[in-house]
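Engineer: Okay, handing you the structure first.
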Amino acid sequence: MVFQDGASTGQVSGLTYDGKAATHVYFKLDPGAWTFTATGVGSLGNLAAGKPVTSNTTLENANWGVAKLADGNTASIAGAKGYTSNEFPSSDISGSPVWIEIDLGADTDLDTVRLFPRSDTPASGGGTAGFPVGFTIQTRTAGSSVHSTVRSVTAQPNPNGRPQTYGFKATRARYVRVSTTRLGTPAADETTRYRFQLAEVQVPARGLTVTSNNTLENGDWGTDRLLDGSLSSVSGAKGYTSQDFASANISGSPVWVEVDLGVDRPIGTVKLCPRTDTQSAAGGTAGFPVDFTLQTRADNGTSYTTVRSVTAQPNPNGQPQTYSLSSASGRYLRLRVTRLGAPAADEASRFRLQLAEIVIECDPPGFRTVT
């Protein structure tokens, strides 16, 4: 164990804690000593990978070019150092900002941009060369000519070679622009020439989140497993379960699970996938809700709208159940349960809400919480 509960706890052979930022923890690894696997962290895709990149000022040669911002190389190497602007005599370029822009191909959910600094040559005086000090992150939807600023950064400290991650309120856009008004320290090999320089830009795919007012979290069960892509219950990913109740009637203290879709969007259907690893005591599916509502809440809204009510839901016998919604929209989708289904055969007197997965189809078709 080298890091726990927000603090360093020591080191092991080949792996050393190297500091932390608001959203990241850094480690130093000996080459070949360790392999990292990320679990339970939502979607890890980079939406910018291989996508077209443009700029209003760029130096293009064998080592540098705008296309190298999305080539997958997060460090500067010969033949793929990244992007560099042309040179300026001072760091203040507010009169003629330099920008780079990535075309993601279609409107997409966004809430983060990650900038990887140039890593081949240090700045004059040490640290990272060319990393922007004052800049904005802007987005633009398909078909629009107007950019919206989603994050402003002033007085960015020198990153000292570390990637910097910038989060912002979830939005939907096709184009992502980084517009710089103040440049960082020049490189040691050209101490009077200021440039905007990066090795790579990433736009992480946004991971959806699930919350609940009543959940059992362990190696098999948890709220995050409702969106893990597994439509059936398997060891290590059985799905979601509430704590146990003495009877099926929980109208006095309903159980809910809620999916945050990131932004307001129209919702067409909701599919509930039942637990499949263990049957109920009487046969059929265990833990599937009998009486429940589907509710939505708008971004910044304070009240919920019931968009579908279900009473006396028959036992699904292991089959996913799809519920169509009419004129439903919102950022948050909540499943609120007042009567539980049959208990599992291995705990015949304990009633729970249990599901393997939730799949949400939004309008227009094509957006799903599970891919």
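Engineer: Expressed in whole Å with the largest first, what are the equivalent ellipsoid semi-axes of region 137-198 derived from the C-alpha gyration tensor as the square root of 5 times each eigenvalue?
Structural biologist: One finds semi-axes of 28, 14, 9 Å for region 137-198.
Engineer: Label points 7 Å out from Cα along the Cβ direction at SER324 and LYS169: separation in nm?
Structural biologist: Taking the simple label geometry, SER324 and LYS169 are separated by 3.5 nm.
Engineer: Which one, SER119, ASN56, LEU325, is farthest towards the positive end of the dipole of the chain when Lys and Arg carry +1 and Asp and Glu -1 on their Cβ?
Structural biologist: Final value for the positive-end residue is LEU325.
Engineer: When a footprinting reagent is the concern and you count Cβ atoms within 10 Å, what order do LEU115, LEU335 take, fewest first?
Structural biologist: LEU115, LEU335
Engineer: Another question, if that's okay. Dividing the convex hull volume of the alpha carbon atoms of region 261-345 by its residue count, what do you get in Å³ per residue?
Structural biologist: So the per-residue Cα hull volume is 92 Å³.
Engineer: Output the Cα-based Rg and Dmax of region 277-325 in Å, rounding Rg to one decimal and Dmax to a whole number.
Structural biologist: 14.2, 44
Engineer: So for the chain, what are the equivalent ellipsoid semi-axes in whole Å, largest first, each being the square root of 5 times an eigenvalue of the Cα gyration tensor?
Structural biologist: 47, 24, 16
Engineer: So, with +1 on the Cβ of K and R and -1 on the Cβ of D and E, and no other charges, what is the size of the charge dipole of the chain about its Cα centre, to the nearest 20 debye?
Structural biologist: Once rounded to the nearest 20, the dipole reads 560 debye.
Engineer: Between LEU231 and ASN160, what FRET efficiency follows from the Cβ-Cβ distance if R0 is 35 Å, with the result rounded to 0.05? If you can, show how the numbers build up before the last one.
Structural biologist: On the way: r = 44 Å, r/R0 = 1.27.
Once the sixth-power term is evaluated, E becomes 0.20.
Engineer: Another question, if that's okay. Please report the Cα spread of region 195-330 along all three principal axes, rounded to whole Å, starting with the longest.
Structural biologist: So the three principal-axis extents are 71, 36, 25 Å.
Engineer: Can I ask one more? I need the fraction of alpha carbon pairs in region 246-288 separated by more than 14 Å, rounded to a whole percent.
Structural biologist: 68 percent
Engineer: Using only the Cα atoms of region 43-202, what do you get for the radius of gyration and for Dmax, in Å?
Structural biologist: In Å, with Rg to one decimal and Dmax whole: 14.6, 45.
Read-outs throughout are calculated quantities, based only on the coordinates presented, and are distinct from any laboratory measurement. All values derive from a computational prediction rather than experimental measurement. Heads up, the Cβs are rebuilt from the backbone with ideal geometry, glycines too, and the neighbour counts pull from every protein chain shown.
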